[in-house]
Structure formats: structure tokens, C-alpha cells
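The values are calculated or read from the model by the stated rules, or taken from the named source; none is laboratory data. Fair warning: this is a prediction, and the values are worked out from it, not measured in the lab. Here the Cβ positions follow ideal geometry from the backbone for every residue, glycine too, while neighbour counts run over all protein chains shown. Accessible surface is based on the protein model in full, side chains and every heavy atom, while ligands, DNA and RNA are left aside. Shrake-Rupley method; radii C 1.70, N 1.55, O 1.52, S 1.80 Å.
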Amino acid sequence: MKLYHHPLSGHAHRARLFLSLIGIEHELVLVDLGRKEHKEPQFLALNPFGQVPVLDDGGTIISDSNAILVYLAKKTGRTDWLPEDPEGASAVQRWLSVAAGQIAHGPAQARLITVFKAPYRPEEVIPRAHAILTLIEAALAGRSWIAAERPTIADVALYSYVASAPEGDVDLQPYANIRAWLNRMEALPGFVEFQKTPVGLAA
């Protein structure tokens, strides 16, 4: 398998992390976002949306980080990471939607301001980040993992941008449950770190 990625993309890290957690050998192909390689015809042929990550599994092309997580879990039969039962599957899907929605428009956008100079407004984005972190903090009360009694792809989908939230001036100190959950994630066999950037509160 080949994973087209950029080390500062939380979406790409999400896919890389899961590949490592389930022990799938893969080749990392760097897409230089600074040189806009993701907008060049060769890459657009893989993903017309012009975004990383993209997974190439022997010619089967999967784009979108959450779709890659689902594909990998299904491909390898890892029902421990993606339950098959209706209740379990829907619990995971709920948090995949949060990762694509409130996380993308909260902690991820806040980080884009500081790391990539994106033209978002901190006074709008940072409160959105804290709103979803408050909900995640409450959801983790009395439990170790977000969607099940064990880690699932829901935890993988949430991890990268929550862990890097301080880079976007989003303080994690008020969220003891989240900080404990991050530690549990980082202790999993096969964990790979998301490349840090010394900006914002992480400077």
C-alpha cells in the first residue's frame, strides 16, 4: 500500500496512524503542499478534490481520511476497530461525523491559522474548538475510549487534531478526561506521533 501524505496534515496522520496501529506495511509518498503538488494533474487524477491523504492499495484508490480508516478496517477484518453490530457501528460513525465536522471546523481550523497562515478568524474558530472539546470531555467521563470499551477508528479519527489543538492556541488544560485519553492513545502498540509545530500554545 502507498499512502500519499504530508507530515503536517492531521488528516494524513489519521490514516498513517491507523496503518501503523494495525501493522500494515506501507510506503509513504510525500505530497508537497507548499509547492501545491496536491493541485497538479498527476495528483488530481488520484483525488479530484486535491486533498491528502490518498491510499493506493494495489490500484484501488481511496481518498478521504475517514474513508481510508473504514476501508482498512474492512479490508483486514478488524471488527475490533470497526464493529459490525448496528449499535457499535453507529457509535463509531457518530464520531467519524464529528471528526469531519466540528473537529475540522474547530481545532483543525485553529491550527491552520498558526501553522499555515490560513485566513480564518481566531475569535470564531477557537470558541468552536472549545465547544466540541467540552462535549468530548463529557463523553469520556467514566470511560477510556470514545465509542466502545476498546479503541476504535473513532478514537483514531479524533486524535490528531485534538492532540495538536494547542498549536492553534486551544488550551487542553481544562480537559482532564481528554488529556488522559490522549495518553492512552499514545501508549497503544504501533502508535506514531503527529509531527509537532512550535506555534501557538505549543511554542
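For the reader, a short list of remarks on this structure follows.
- Report summary: the helix-based calculation at 222 nm, which adds -39500 (n - 2.57) for every DSSP H run with n ≥ 4 and divides by the residues of the chain, gives -13500 deg cm²/dmol.
- Shape category assigned to segment 61-101 from the gyration tensor of Cα positions, a/c cut at 1.5: oblate
- Centroid-to-centroid separation of segment 154-203 and segment 19-46 [C-alpha atoms, Å]: 23 Å
- Shape call, the chain: gyration tensor on alpha carbons, a/c limit 1.5: oblate
- Sorting T79, T152, T197 by accessible area puts them as T79, T197, T152; the probe is 1.4 Å, largest comes first, and only protein heavy atoms count.
- Accessible-area composition of segment 55-132, carbon plus sulfur, in percent [1.4 Å probe]: 56 percent
- Accessible area in square angstrom per residue, the chain, 1.4 angstrom probe: 47 Å²
- Solvent-accessible surface of protein heavy atoms, probed at 1.4 angstrom with all chains present, puts E84, E27, E167 in the order E84, E27, E167, largest first.
- Taken along the Cα-to-beta-carbon direction at a fixed 7 Å, the label points for R150 and L135 span 2.8 nm.
- Most tightly packed first, judged by the mean number of other beta-carbon atoms within 10 Å of their residues, the peptides 32-39, 45-52, 98-105 read 98-105, 45-52, 32-39.
- Ranking A15, H105, P41 by how far each Cα lies toward the positive end of the dipole of segment 1-146 (charges on Cβ) leaves H105 at the top.
- Cα-projected label distance for A89 with E25, points at 7 Å along beta-carbon direction, nm: 3.2 nm
- Global geometry of segment 1-78, whether rounded, prolate or oblate, following the gyration tensor of its Cα atoms and the 1.5 cut on a/c: prolate
- In this label model, L188 and A203 are separated by 3.2 nm, measuring between points 7 Å along each Cα→Cβ vector.
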